[in-house]
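Asker: Structure below; questions to follow.
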Amino acid sequence: MKNLYIKTFGCQMNEYDSKRVSHQLSSLGYSLNDDIGVADIIVLNTCSIRQKAEDKVYSMLGRLRPYKEKNPDLIIAVGGCVAQQVGKKILGRHRHVNLVFGTKNVLNLKKMIEKIEKTGGRYVDVGANVIRDDTIDEKMDGYMVGAKNSVTIIEGCNNFCAYCIVPYVRGRERSRPEERILHEVRTLIKHGAKEVTLLGQNVNSYKDAASSSSDFPKLLDKVAAIDGLERLRIMTSHPKDLTDELIDRFGAIDKLCNNIHLPVQSGSNSVLKSMNRNYTREDYLSKVEKLQKVCNNITISTDLIVGFPSESKKDFNDTLALLRQVRYISSFSFKYSVRPGTKAASFDDDVSNSEKSERLEELQTLQKKIQLEENKKLEKRVMEILVEGASKSGENMITGRTTCNRVVNFTGDESLTGKIVSVNIEESYLNSLLGKLV
Ligand code: SF4
């Protein structure tokens, strides 16, 4: 076997694509190895959502040069959003890179690597607009099925939020055919999966073009009806497309976990407007209220941007107030950074970097306080945990998640992986809980 090392940056869509990369290259004799020093192929699956994420990619590319000098046969491939956006310039700036492949070209990877293996050369493959209609090979070679897995149901985005590069690098929305999705979920379950997350930049706008009666709530019903599936999650939901019909599913479908990632980005109406988010603070809060009504123990996580152009201190305080009201169990928060090509790149980036840093710190301090308080409420409660495998938190420890998406570590045998067990929560920390098997 030859060794494949993959470094994945960014979101769950990239994680999913990395699995596809590994699956494709397994048929060429490559197996995943997390020791970069023995790699025959190194794949960087990149993210360009923020300047910082992009900088990390270039820094890692620089660090790969010595590996190529040591092993000239080493193949280095760069995929993901930076690859899609920057394309052949990567080959120009980094002479040790063999291949640049785009977000829509993952399915061509096997062919491209075969070509490089046979004839050498350096290539760029970012052009095609391939609709993701592949299905998982029944043998599942190179595709690691764990207790929990993801299935992409829709790619791309039509929303053009002013700050976001995704519609430019991932293209317009393309929903996968329903039958392919159901087949993929069934196949994963056959190979041991217990939990599936349906993935997309905006899962709520899922629609199978071949079926007049298909939409996201109906897809949820069909996936939930699959025998052997224990838990179902969704990621990510645009608040403007979170319909009452979809909200009702959180009360009606037992397998649908009581957690939703609902990116708010800002608590200020004027900032939301200039971000082109197409909902108001009031719309958002009303949807949160409806969710809590149909599923009273639902937990919510979110994404936040501070220091968006023209964000005043009052706007920022509105965001803090929203945090206090919703009480998110986790959040991803960032300082605004200009992404060339987006609408906001033409705005005056008028909040100073030091002000952005101060606001981010204040927001994250508040979020940590809320998060810990929410986690503390779970102490002494017995919770159902889907065991995902060995925990890094200590010897003989295993880890899993609650349906409300908290990570729980506890002493137990790895053979429990894939099982749902009852755990008494003994201590709560910021990002995890410590429990005891009941
Ligand atoms: S909904 Fe907005 S933030 Fe999300 S991917 Fe689409 S454009 Fe980007």
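The values are calculated or read from the model by the stated rules, or taken from the named source; none is laboratory data. Being a predicted model, the structure only gives us computed values, none of them experimental. Every residue, glycine as well, gets a Cβ built from its backbone with ideal geometry; the counts of neighbours run over all protein chains shown.
Asker: His183 passes all but one of (1) in a helix (DSSP H, G or I); (2) more than 16 Å from the ligand (Cβ to nearest atom); (3) surrounded by 17 or more Cβ atoms within 10 Å (Cβ to Cβ); which number fails?
Answerer: That leaves (3) as the condition not met.
Asker: Name every residue in segment 237-254 that is closer than 15 Å to Thr280 by Cβ, assigned to a loop (DSSP other than H, G, I, E, B) and not hydrophobic (A, V, I, L, M, F, W, C), in order of residue number.
Answerer: Within segment 237-254, just His238 meets the criteria.
Asker: Still on this model: Of all residues being out of contact with any Leu (no Cβ under 7 Å at 6 or more places or on another chain) and among the small types (Gly, Ala, Ser) in segment 150-168, which is modelled with the lowest pLDDT? Just the residue, please.
Answerer: Step by step, filter segment 150-168, then rank; the result is Gly156.
Residues checked against (1) more than 16 Å from the ligand (Cβ to nearest atom); (2) in contact (Cβ under 8 Å) with a residue 24 or more places away in the chain; (3) of a type in the set (Lys, Arg):
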{"site": "His238", "(1), (2), (3)": "no, yes, no"}
{"site": "Asp241", "(1), (2), (3)": "no, yes, no"}
{"site": "Asn259", "(1), (2), (3)": "yes, yes, no"}
{"site": "Asn278", "(1), (2), (3)": "no, yes, no"}
{"site": "Arg281", "(1), (2), (3)": "yes, yes, yes"}
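Asker: Looking for whichever is of a type in the set (D, E, K, R), out of contact with any Leu (no Cβ under 6 Å at 6 or more places or on another chain) and modelled with pLDDT under 95 here; the options are Lys273, Lys207, Lys240. Which one fits?
Answerer: Exactly one of Lys273, Lys207, Lys240 is of a type in the set (D, E, K, R), out of contact with any Leu (no Cβ under 6 Å at 6 or more places or on another chain) and modelled with pLDDT under 95, namely Lys207.
Asker: Next question, about the same structure. Kindly list, by first and then second residue, each pair from a residue in segment 159-171 that is over 16 Å from Ser237 (Cα atoms) to a residue that is within 6 Å of the ligand (Cβ to nearest atom) and of a type outside the set (Phe, Trp, Tyr), limited to pairs with Cβ atoms under 9 Å and residues at least 6 apart or on different chains.
Answerer: Cβ pairs passing all conditions: Arg170/Cys157; Arg170/Gln201; Gly171/Cys157.
Asker: With the condition kept exactly as written, say whether any residue in segment 244-256 is under 21 Å from Asn158 (Cβ atoms), in the same structural domain as Gln367 (by TED's automatic domain parsing) and modelled with pLDDT of 95 or more.
Answerer: Looking for residues that are under 21 Å from Asn158 (Cβ atoms), in the same structural domain as Gln367 (by TED's automatic domain parsing) and modelled with pLDDT of 95 or more, one finds at least one in segment 244-256, hence yes.
Asker: State which residue is farthest from the ligand (Cβ to nearest atom) when the search covers only segment 210-236 and only residues that are modelled with pLDDT of 95 or more and assigned to a loop (DSSP other than H, G, I, E, B).
Answerer: Filtering first and then ranking leaves Asp227.
Asker: For Val294, work out the one condition from (1) out of contact with any Leu (no Cβ under 9 Å at 6 or more places or on another chain); (2) closer than 20 Å to Pro239 by Cβ; (3) in contact (Cβ under 8 Å) with a residue 60 or more places away in the chain it doesn't fulfil.
Answerer: The number of the failed condition is (3).
Asker: Among the numbered conditions (1) part of a helix (DSSP H, G or I); (2) assigned by TED's automatic domain parsing to the domain that holds Val271; (3) at pLDDT below 90, tell me where Gly171 comes up short.
Answerer: Going through the list (1) part of a helix (DSSP H, G or I); (2) assigned by TED's automatic domain parsing to the domain that holds Val271; (3) at pLDDT below 90, Gly171 breaks only (1).
Asker: Also, quick follow-up: Residue by residue through segment 149-168, note down the ones that are of a type in the set (Val, Ile, Thr), within 12 Å of the ligand (Cβ to nearest atom) and not in a strand (DSSP E or B).
Answerer: Those that are of a type in the set (Val, Ile, Thr), within 12 Å of the ligand (Cβ to nearest atom) and not in a strand (DSSP E or B): Ile165, Val166.
Asker: Let me ask something additional. Which pairs do you get when a residue that is within 18 Å of Glu114 (Cβ to Cβ), found in segment 37-54, comes within reach of a residue that is in a strand (DSSP E or B) and of a type in the set (Phe, Trp, Tyr), reach meaning Cβ atoms under 8 angstrom, with the pair 6+ apart or on two chains?
Answerer: As it stands, the answer is Ala39/Tyr5; Asp40/Tyr30; Ile41/Tyr5; Ile41/Tyr30; Ile42/Tyr5; Val43/Tyr5, since those pairs meet every condition given.
Asker: In segment 169-180, what count of residues is obtained for those that are within 16 Å of the ligand (Cβ to nearest atom) and buried (at least 20 other Cβ atoms within 10 Å of the Cβ)?
Answerer: 3
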